[in-house]
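The values are calculated or read from the model by the stated rules, or taken from the named source; none is laboratory data. Computed from a prediction, not measured in an experiment: that's the story for all the values here. Here Cβ is always computed from backbone atoms with ideal geometry, including for glycine, and neighbour counts include all displayed protein chains.
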Amino acid sequence: MPSSFGFEKIDPISLDGVSSVESAAEIFFDVLKGTASKDRINVVLANAALAISCFLNEELTVSVERAKDSLFSGKAQNRFNLLMSFQK
């Protein structure tokens, strides 16, 4: 349930609009920059929080805060950039 993450329920239509690899990549980068829609960001935060919670065996609310910190501080984008630098 969205409330388990501290989020409101969203309309799945708000996530529509991915019609190509290019548009998916644009949305991905918008999320990393924090400029995507609130609904898109919250879906990413929820997915990340679940993964963190499972890996660290911690409360979901703590994992949501970790995910928010990673995204909004720029850490997630920095790690992605580091990962991509290994591809060169």
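A few points about this structure:
- Check on Thr35, under 22 Å from Glu8 (Cα atoms), loosely packed, with under 12 Cβ neighbours inside 10 Å and either of a type in the set (D, E, K, R) or over 10 Å from the mean Cα position of the chain (by Cα) (or both): yes
- Those residues of the stretch 4-32 which are among the β-branched types (Val, Ile, Thr), surrounded by 14 or more Cβ atoms within 10 Å (Cβ to Cβ) and at pLDDT 90 or above, in sequence order: Ile27, Val31
- Residue in the stretch 19-39 that is of a type in the set (A, V, I, L, M, F, W, C) and farther than 21 Å from Lys75 by Cβ present: yes
- Considering the stretch 21-68, the residues that are outside any helix (DSSP H, G or I) and acidic (Asp, Glu) include one that is farthest from Phe7 (Cα to Cα), namely Glu58.
- Answer residue from the stretch 1-20, given it is assigned to a helix (DSSP H, G or I) and either free of Cβ contacts under 8 Å to residues at least 24 places away in the same chain or of a type in the set (A, V, I, L, M) (or both) and is farthest from Ala67 (Cα to Cα) among those: Ile13
- Residues that are surrounded by 16 or more Cβ atoms within 10 Å (Cβ to Cβ) and among the aliphatic types (A, V, I, L, M), drawn from the stretch 61-88: Val64, Ala67, Leu71, Ala76
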